[in-house]
Amino acid sequence: MAKPVSIEVWNPSGKYRVVSTKPMPGTRWINLLIQNDVRLEICTEKKTILSVEDIIALIGDKCDGVIGQLTEDWGEELFSALSKAGGKAFSNMAVGYNNVDVDAANKYGVAVGNTPGVLTETTAELAASLTLAAARRIVEADEFMRAGLYDGWLPHLFVGNLLKGQTVGVIGAGRIGSAYARMMVEGFKMNLIYYDLYQSTRLEKFVTAYAAFLKANGETPVTWKRAATMDEVLQEADIISLHPVLDKTTYHLVNKERLAKMKKEAILINCSRGPVIDEAALVEHLKHNPMFRVGLDVFEEEPYMKPGLAELKNAIVVPHIASASKWTREGMATLAALNVLGKVKGYPVWFDANRVEPFLNENARPPAACPSIVNAKALGLPTSKL
C-alpha cells in the first residue's frame, strides 16, 4: 500500500479530476483547468523525483488525467493504474518523452502529450550562453574573483577564444539547431558548417542573405556548408553544438573516437539529450586536453554526472535549464494542461504541434484542441481543422 502523498486542491467540486505531479510555473494553466470544471490536485511532496508508487497514490481510484515530468518513469505500471482509474490522458511538461513507454500508453488507450514549439529560442539561447561562457572562460574567472585571487591585470590571465570569423558546427539543424546557428552567425559573424539528414534550406538562405548584407557593407561575408558526414563537422568546426534527437542511432554519437577528431581547442556544447555523448570518454578527453572545453546542460544519467566531470575546470555544467525562461516554462505548463484538458473534453488534436501561439495568447481563449499528442495516430484521434 503506497503512502499518502501531500497535495494542494483547486476547485474541489470540479467534475473532472486531474493531477499534476509537480507545482508548475505561472497560474494561467491552473485557471484554464478550473474554468473548465476540473478539480485540480497538485502534488506538494518535498521530493525532486516521485517514485512510481508515489504517482500511483496520486492517481487513486478515479483520475481523468495526469500532468507529469520527464524525470518520472511512465511505463506499463503507471498507464495501467491510470487506465483503471478511468484516465485517458497524460502529458509531459517537456518536448521530449524518452521517459514514456508510448507502446504501453497505446495498450491502455492513454493519449500522451508533450510541449513542442515553445522551447526553440530559449534552448538556443542557453546553447549560445554556454558557448560564450566556455569560449571566454567566464565561470573560471568568476570563481577566481570570488576566491580573492585577483591582484592585478596580467597578459595571460584567462585568455580564451575569439568567436568572430571562426566556424560554428551544428549537428542536427532542426528548429533549435537552426535557431542557434542563426544566433552565432549573425551575432558573432561566424561561418557555418552543419550536418543533418535533411537539407536546411531556410538556414542556408538566411546565411546567404546575411553574407550579402556584410559584403554590401564592406565586411567579410560569412559562409555556410552542408557537411556530407558528421565527422566532417567535428574536424572543421571550432565550436560544435549538438541538436540531434535521441534514438538508437544517436546514442553515444560523440564517443572517444569522434572526440579525437575534434580540434584541440574546440568547444563542445550539448543542450539536447545527455546520452548522445559518451560522458566517461568525455571526462578522459577533457583531462588530457586542457584547452578543449565543454558546456553541458544534460547528462548521460541525470541527475548524476560521471566521476571526475565536476572537478574539471574546462567543463561548464548546468542542471538541465535550457527551457528555464519564465515565458517558456509558463508556456510549457499551459500546453501540458491543455493537452490533458483537451483529451478529457473530447477535443481533436491541433493540426500543427509547432504552431502553438494561439494557445499561449493570454488575451484570448485557447483553441478547443489538444496542442500536441504524440500517439494521436496510433489511437486514431481526430485532427483539428481550425
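Before moving on, here are some points about what is shown:
- Cα gyration tensor, the stretch 118-315 - rounded (a/c under 1.5), prolate or oblate: oblate
- Structural descriptor for the chain: relative contact order 17 percent, calculated from alpha carbon pairs under 8 angstrom and at least 6 residues apart.
- DSSP bridge orientation in the stretch 118-315 - percent antiparallel, rounded to nearest 5: 5 percent
- In order along the stretch 346-356, the phi-based Karplus estimate (6.51 cos²θ - 1.76 cosθ + 1.60, θ = phi - 60°) of 3J(HN,Hα) comes to x, 6, x, 8, 4, 6, 8, 5, 9, 10, 9 Hz; Gly and Pro are listed as x.
- For the stretch 1-74 versus the stretch 86-117, the spacing of their alpha-carbon centroids is 15 Å.
- Under the criterion of Cα pairs below 8 Å and six or more residues apart, the relative contact order for the stretch 118-315 equals 20 percent.
- In this structure the amide hydrogen of Val349, modeled in the peptide plane, comes within under 5 Å of the amide hydrogens of Cys370, Thr383, Ser384, none closer than 5 places in sequence on its chain.
- Probe 1.4 Å, protein heavy atoms only - accessible area per residue of the chain in square angstrom: 49 Å²
- With Cα atoms, 0 to 90° folded angle of helix 175-188 axis to the chain main axis: 30 degrees
- Out-of-range pairs (alpha-carbon distance over 29 Å; input Lys345/Lys385; Lys248/Lys377; Lys22/Lys84; Lys84/Lys385; Lys205/Lys326): Lys84/Lys385; Lys205/Lys326
- DSSP-assigned coil residues among GluC sites (Glu not before Pro) in the stretch 281-386, each with at most 12 further Cβ atoms within 10 Å: Glu311, Glu362
- Computed over the chain with a Gaussian network model linking Cα atoms closer than 10 Å, the most mobile of Leu126, Leu259, Leu149 is Leu149.
The values are calculated or read from the model by the stated rules, or taken from the named source; none is laboratory data. Just so it is clear, the model here is predicted, and its values are computed rather than measured. Using ideal geometry, Cβ is built from the backbone for each residue, glycine included, and neighbour counts are taken over all protein chains shown. When the accessible area is computed, the model is the full protein with side chains, heavy atoms only, and any ligands, DNA or RNA have been set aside. Shrake-Rupley method; radii C 1.70, N 1.55, O 1.52, S 1.80 Å.
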